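Quick note: the coordinates plus some simple rules give every number you see, no bench work behind them. None of the values given here were measured: they were computed from a predicted structure. Here the Cβ positions follow ideal geometry from the backbone for every residue, glycine too, while neighbour counts run over all protein chains shown.
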Amino acid sequence: MKKIQILGTGCSKCKTLLANAEEAVKALDIEATIEKVDKIQDIMKFGVMTTPALVVDGVVKSAGKVLSADEIKKFLG
Amino acid sequence: MNTGHVIRNIWPSLVLKGAGLLLIWGVAYWNLELFSGWITYGVLGLPQGNHFSTAFQFFIFETPKVLMLLTLIVFVVGIIRSFFTPERTRRILAGKRESVGNVLAALLGIVTPFCSCSAVPLFIGFVTAGIPLGVTLSFLISAPMVNEIALVLLFGMFGWKVAAIYLGMGLIIAMVAGWVIGRLKMERHVEDWVYATGLSAGLEEEQLDIAARIQLGRDAVRDIVGKVWLYVMIGIAVGAGIHGYVPANAMASFMGKGAWWSVPLAVVIGVPMYSNAAGIIPIVQALLGKGAALGTVLAFMMAVIALSLPEAIILRKVLKPRLLAAFFGVVAIGIMAVGYLFNFIM
């Protein structure tokens with residue numbers, strides 16, 4: 001069971017990343033929860049300076065980039 | 001040892017390919033005027049010296065010219081930016097004295113990838129790393145204001161002097177405004193929870209090879225040129241229309257040099273407006289073409305790009321009202337100063 005978090009304060013890029021993450025999970029057919037973290041105080045706890053950011057099981061995998069579903073798959077495999 | 005061998009082998013073909021592409025680009029670029037004349041008068045057989053022909057040739061000359069410039073610059077800037085992550089910029093700025101810090105922050109604002117939606121996490125990341133407030137704000141002013149798209153468009157449409165002055169003035173405003181806010185000692189007007197946020201390590205830096213950096217440059221081109229080409233074409237079409245038809249001083253009476261109040265008015269109108277650098281170019285083009293003074297128009301453009309209501313709302317999360325007002329006030333004054341200076345020297 002993977003825990004995926006999308007960090008972002010709600011700009012359009014964050015929504016795209018969220019959609020791509022959902023697509024990646026569906027394509028890999030794995031069990032995962034996807035959570036959106038949009039409170040800035042919570043985002044800062046991860047120490048990122050650019051959003052959107054992708055966090056898998058508490059580890060920041062990328063920041064400031066809209067990853068494609070394929071790129072996200074690599075972090076879930 | 002093996003990887004070293006591979007890297008050495010990539011370079012010659014890369015350099016060759018780059019040089020070849022640049023040569024093709026250059027030949028095409030310097031023949032655009034000839035080509036546009038040939039299309040207009042040779043292929044289509046439009047009459048010489050007619051308003052429509054002039055406007056048409058202007059359009060098919062300027063559009064590829066500006067788009068080619070934009071593609072080249074955005075690609076190069078995309079590669080340069082792959083060397084300057086926000087984390088790295090923060091490391092460079094941490095522990096610098098204030099005045100040196102303001103200068104460096106303004107310069108790094110140009111080369112560090114930045115999106116206004118990341119302004120808040122970036123702000124927090126900088127101040128919690130011990131970067132002085134004024135230095136952080138120098139960065140936050142320079143990053144959106146000194147914009148490579150605006151720079152290319154100004155260069156393409158109004159020449160290198162206007163572009164250079166825009167660049168220089170943008171940097172100076174960022175440096176001075178940040179420095180002034182630093183002198184005002186407004187640290188206590190940052191929202192309290194910001195300094196309580198612990199500094200965490202964040203992302204470790206990825207080591208990118210040259211192929212990955214080139215890919216980032218190409219991504220930037222696809223992303224940015226893909227988004228702005230339409231605005232560019234509209235801007236040039238407006239310019240072409242003016243080129244052929246509109247009398248040159250329709251706007252002169254109330255946005256010309258004579259009207260002293262036009263500069264502050266331009267800033268006051270510009271602040272609530274929100275647009276990207278490319279979207280504003282058609283308006284700039286139209287205003288200038290109709291006789292508005294360059295300083296007034298540049299002030300308007302800088303106000304639209306660097307100061308906006310959405311940005312104020314975003315920054316309000318971390319800045320208390322007085323500091324936010326000081327930030328907008330100091331930058332607005334700086335922009336007005338640029339407007340007056342321009343109108344005075346041109």
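Under a 5 Å amide H cut-off, with hydrogens placed 1.01 Å from N, residue A:37 pairs with A:6, A:7, A:8 among residues at least 5 apart or on other chains.
The ranking of B:123, B:35 from fewest to most other beta carbons within 10 Å of each one's beta carbon is B:35, B:123.
If only the Cβ of Lys and Arg carry +1 and only the Cβ of Asp and Glu carry -1, the dipole of the protein assembly as shown around its Cα centre is close to 620 debye. Here the Karplus curve 6.51 cos²θ - 1.76 cosθ + 1.60, taken at θ = phi - 60°, turns the phi angles of the range B:320-333 into couplings of 6, x, 5, 5, 4, 5, 4, 4, 5, x, 5, 5, 4, 5 Hz, with x standing for Gly and Pro. The Rg/Rh ratio for the protein assembly as shown, using Cα coordinates for both the radius of gyration and the Kirkwood hydrodynamic radius, is 1.01. Using only the alpha-carbon atoms, how far is helix A:12-28 inclined from the longest principal axis of chain A? Give it as 0 to 90 degrees, nearest 10. Rounded to the nearest ten degrees, it is 20. In this structure, the amide hydrogen of residue A:32, modeled 1.01 Å from its nitrogen in the peptide plane, lies closer than 5 angstrom to those of A:2, counting only residues at least 5 positions away or on a different chain. Computed from backbone phi with θ = phi - 60° and the Karplus coefficients 6.51, -1.76 and 1.60, the 3J(HN,Hα) list for the range B:70-80 is 4, 4, 4, 5, 5, 5, 5, 4, x, 5, 4 Hz; x is used for glycine and proline.
Going from the residue with the fewest nearby Cβ atoms within 10 Å to the one with the most, B:309, B:104 rank B:309, B:104. Spin-label pair residue B:207-residue B:50: with each label point 7 Å from Cα along the Cα-Cβ axis, the two points sit 6.5 nm from one another. Relative contact order, whole percent, for chain B stands at 19, derived from Cα pairs under 8 Å and 6 or more residues apart. The convex hull defined by the C-alpha atoms of the range B:139-242 has an orientation-averaged projected area of 10.8 nm².
If you look at the Cα atoms of the range A:2-76, you get an Rg and a Dmax of 11.0, 32 Å.
Here the Karplus curve 6.51 cos²θ - 1.76 cosθ + 1.60, taken at θ = phi - 60°, turns the phi angles of the range B:210-217 into couplings of 5, 5, 5, 5, 5, 4, 5, x Hz, with x standing for Gly and Pro.
Projecting the Cα positions of A:28, A:4, A:48 onto the charge dipole of the range A:2-76 (unit charges on Cβ atoms of Lys, Arg, Asp and Glu, taken about the Cα centre) puts A:48 furthest along the positive direction. Per-residue Cβ neighbour counts within 10 Å put B:81, B:88 in the sequence B:88, B:81, beginning with the fewest. Each listed q (0.11, 0.15, 0.18, 0.23 Å⁻¹) maps to a log10 I(q)/I(0) for the range B:76-162, found by the Debye formula over equal Cα scatterers with no solvent: -0.31, -0.55, -0.74, -1.08. Rounded to the nearest whole angstrom, the semi-axes of the ellipsoid equivalent to chain B, taken from the Cα gyration tensor as √(5λ), stand at 37, 31, 14, largest first. The H on the amide N of residue B:291, modeled in the peptide plane, is under 5 Å from the matching H of B:251, each at least 5 residues off or on a different chain.
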